[in-house]
1. Do any trypsin sites (Lys or Arg not before Pro) in region 15-77 lie in a DSSP loop with no more than 12 other beta carbon atoms within 10 Å, and if so, which?
2. Can you give me the angle between helix 137-148 and the longest principal axis of the chain, using Cα atoms only, in degrees from 0 to 90, rounded to the nearest 10?
3. Be a star and scan region 108-123 for residues whose amide nitrogen sits under 11 Å from the point 7 Å along the Cα-to-Cβ vector of residue 88.
4. Tell me the label-point distance for the pair residue 144, residue 105, using the 7 Å Cα-to-Cβ offset, in nm and rounded to one decimal.
5. At a Förster radius of 25 Å, what calculated FRET efficiency corresponds to the Cβ-Cβ distance of residue 58 and residue 124, to the nearest 0.05?
6. Could you give the nm distance between label points at residue 67 and residue 23, where each point is 7 Å from its Cα heading toward the beta carbon?
7. Looking at region 51-138, which GluC sites (Glu not before Pro) are DSSP coil and have at most 15 other C-beta atoms within 10 Å of their C-beta?
8. Which value, in Å² and to the nearest 10, is the accessible area of residue 48 when all protein chains are kept and the probe is 1.4 Å?
Amino acid sequence: MPAISKCHLNADRFFLEAHVKLRPVDFATEGVFLAGMAHSPKTIAESITQGMAAAGRAAAILSHPQYEAEATIAAVNEDLCDGCAVCINVCEYKALEVIEKTPGKKVVRLNEALCKGCGGCVAACPSGAMEQKGFKNEQILAEIDAALV
């Protein structure tokens, strides 16, 4: 399965749910659901029940007038960003792209709806332009220093 969908397969080549007990019809990708034989061999009754559960999860999202994404996501400081695109290669959610802000000045743009706040781009950014919302780079470095003492 493509990396953008984050739909993993188990050893038997069936789709793997996000969490077997807490989110049995959800994929790791928010808003994508799983039901029936795509999950594992099931009876028709089990497939119908799981399909109804997936429809219920989808209806819960669609019932709101606006979608609220994860609060802890990355942010780009465009003043520091040099458009090197190192962060793009580590983003498993394809939430980053390079744009030309002004002629000759490229920066990375973040799609906040796709970002899951994993922090991979923050760790990879050589210029320090990527930050995790709610966590300044100085705070994270202070925590690391304290842990190493």
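1. Values: sites: 21, 42, 57; in loops: 21, 42.
Answer by residue number: 21.
2. Helix 137-148 sits roughly 80 degrees off the main axis of the chain.
3. Residues 108-109 fall inside that zone.
4. 2.8
5. Numbers: r = 34 Å, r/R0 = 1.34.
Approximately 0.15, to the nearest 0.05.
6. 1.4
7. Values: sites: 68, 70, 78, 92, 97, 100, 112, 131, 138; in loops: 68, 70, 78, 92, 112.
Within region 51-138, the qualifying GluC sites (Glu not before Pro) (loop, at most 15 other Cβ atoms within 10 Å) are 68, 70, 78, 92, 112.
8. For residue 48, the solvent-accessible surface is approximately 100 Å².
The values are calculated or read from the model by the stated rules, or taken from the named source; none is laboratory data. Because the structure is a prediction, the values reported are computed rather than measured. So basically every Cβ, Gly included, is an ideal-geometry build from the backbone, and we count neighbours across all protein chains shown. Heavy atoms of the whole protein, side chains included, go into the accessibility calculation; ligands, DNA and RNA do not. Shrake-Rupley method; radii C 1.70, N 1.55, O 1.52, S 1.80 Å.
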